[in-house]
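**Student:** The structure under discussion is supplied below as structure tokens; questions concerning it will follow.
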Amino acid sequence: MSHLSMDQLVALREPGAEPGTATAREHLAGCAACQAELQRLDQRVARLKALPALRPARDQWAAVNSRAAAARRVRRLRWAAVGGLAAAAALTLVVLQRRTETAQVTTAVAIDDVMARSNQLERVLEAYNPDARVTDGVTARVAGELEDRIAVLDRQLNTVQMLDARTRDAALLRLWQERVGLLDALVDVHLTRASNVGF
Amino acid sequence: MNDAYVLTDSEVVLSRARAGDAAALERVYRAYETPVYNLARRICRTVEDAEDVLQETFYEVCRSIGQYRGDGSLWGWVRSIAASKALMRLRRNKYRDTDELDEEFHRPTMKVDGGLRMDLEAALERLPETSRAVVWLHDVEGYTHEEIAGMMGKTVSFSKSQLARAHTRLRRWLGEEEARA
């Protein structure tokens, strides 16, 4: 066998067995020239490792730090911008919430008003006590239709309680307003009939 | 790694460096400035390139130190950044790997015992960039061929053949050739 090539010598220095390593080792064991060559290779590597460290002629820290600080500033500005946007969004949310709260208060007041008006009309009807009175067919039919629609509204008023606050208040106001309208009409129907018949 | 380059109080320094403390980052720089520059200078052709690699490396360290999870040594992490930057610089410069041409223009500088011989520094300097990078990363820094191949975007065989070619040249230039019968 011819002497080991540099590829083989280099491979022999690698940890683990590579293909052909066993054959190369066999040759190495009996070849003084290749042993010397491998030793020279080891020494060369040792000398490479022992080369003095080359040091920078200039201190680069100021440049590195300045660049890194500039990058940090940019990052902070970006975060600040993001934070600013977030703050603006939060502020908008607060304003909207306040407006919503104000609207909710306004709606609640309006509901109270319309409920009071509804109670007032109920009392008028109660005082009139149409059930105890004789009514003509048309009046009875119209009054019946109005009472049916009021009954439907009352059922809706019960179910609307399950909605979320904002939707519920708006629905309550609308339904109570509608109820007041129907009650108004019912009162009118009874009182008009009464007036027509001279009560 | 060179044991001389150890960052004392590394946990405390790291914690402060991760928070962007400039003094802590400077401690990291001071601890590894020389080995990083040395690695860069051994791989790159010019002092200017090596200085650029030094700056790029530590800028990256300052920027990314929060991502260092402490899996390996800090030096190992810094060194991988430095090696990557140095190899990137080689690729960017697109230096030619025309060994024969180089040999024409570089003459041995020392005559010893009647033969032509260079010192190791000069011989290393004379190697083509890629060969020199492989020799340095493998023989001195201790990277495996797999790691070198990964960093260079080449095959393991390429790394191995570059190492063998480099040693063949170094052997010749250093006057170590001995006839093997």
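**Student:** So which of A:Leu28, A:Leu77 ends up being in contact with a helix residue (DSSP H, G or I) (Cβ under 6 Å, 6 or more places away or on another chain) and more than 9 Å from chain B (Cβ to nearest Cβ)? I'd like the intermediate steps shown before the answer.
**Tutor:** Details: A:Leu77 fails: in contact with a helix residue (DSSP H, G or I) (Cβ under 6 Å, 6 or more places away or on another chain).
Answer to the selection: A:Leu28.
**Student:** Go through the stretch B:1-34 and give me each residue that's under 30 Å from B:Glu121 (Cβ atoms), more than 11 Å from every other protein chain (Cβ to nearest Cβ) and either part of a loop (DSSP other than H, G, I, E, B) or among the basic types (Lys, Arg) (or both).
**Tutor:** Scanning the stretch B:1-34 gives B:Met1, B:Asp3, B:Val6, B:Leu7.
**Student:** Output the number of residues of the stretch A:138-150 satisfying the condition of being without any contact (Cβ under 8 Å) to a residue 12 or more places away in the chain and either touching a strand residue (DSSP E or B) at 6+ places or on another chain (Cβ under 7 Å) or surrounded by 11 or more Cβ atoms within 10 Å (Cβ to Cβ) (or both).
**Tutor:** The qualifying residues number 5.
**Student:** Just to be sure, is A:Leu175 closer than 27 Å to A:Leu191 by Cβ, in contact (Cβ under 8 Å) with a residue 24 or more places away in the chain and in a helix (DSSP H, G or I)?
**Tutor:** So A:Leu175 fails the test.
**Student:** Scan the stretch B:1-52 residue by residue and report those that are under 19 Å from the mean Cα position of the chain (by Cα), among the polar types (S, T, N, Q) and surrounded by fewer than 22 Cβ atoms within 10 Å (Cβ to Cβ).
**Tutor:** If the condition is that a residue be under 19 Å from the mean Cα position of the chain (by Cα), among the polar types (S, T, N, Q) and surrounded by fewer than 22 Cβ atoms within 10 Å (Cβ to Cβ), then B:Asn2, B:Thr34, B:Thr46 are the ones that fit.
**Student:** Please give the number of the condition B:Tyr37 fails out of (1) more than 10 Å from every other protein chain (Cβ to nearest Cβ); (2) touching a Pro at 6+ places or on another chain (Cβ under 6 Å).
**Tutor:** B:Tyr37 satisfies every listed condition except (1).
**Student:** Which one of these is touching a Gly at 6+ places or on another chain (Cβ under 6 Å), at pLDDT below 95 and either closer than 23 Å to A:Ala62 by Cα or of a type outside the set (Gly, Ala, Ser) (or both): B:Arg69, B:Arg91, B:Arg117?
**Tutor:** After ruling out the rest, the residue left standing is B:Arg117.
**Student:** Under 6 Å between Cβ atoms, at least 6 apart or on separate chains: pull out the pairs that start in the stretch A:43-66 with a residue that is within 7 Å of another protein chain (Cβ to nearest Cβ) and end on any residue that is outside any loop (DSSP other than H, G, I, E, B) and of a type in the set (Ser, Thr, Tyr).
**Tutor:** Here the result reads A:Ala53/B:Thr34; A:Arg55/B:Thr34; A:Pro56/B:Tyr37; A:Trp61/B:Tyr29; A:Val64/B:Tyr59, each pair linking the stretch A:43-66 to a residue that is outside any loop (DSSP other than H, G, I, E, B) and of a type in the set (Ser, Thr, Tyr).
**Student:** Quick test of your reading of the structure: A:Ala132 fulfils all but one of (1) modelled with pLDDT of 80 or more; (2) more than 14 Å from chain B (Cβ to nearest Cβ). Name the failing condition by number.
**Tutor:** Exception for A:Ala132: condition (1).
**Student:** So in the stretch B:121-167, with the set limited to residues that are surrounded by fewer than 16 Cβ atoms within 10 Å (Cβ to Cβ) and assigned to a helix (DSSP H, G or I), which one is nearest to the other protein chains (Cβ to nearest Cβ)?
**Tutor:** B:Glu121
The values are calculated or read from the model by the stated rules, or taken from the named source; none is laboratory data. Note that this is a predicted model, so its numbers are computed, not measured. Glycine also receives a Cβ, built like all others from the backbone with ideal geometry; neighbour counts cover every protein chain displayed.
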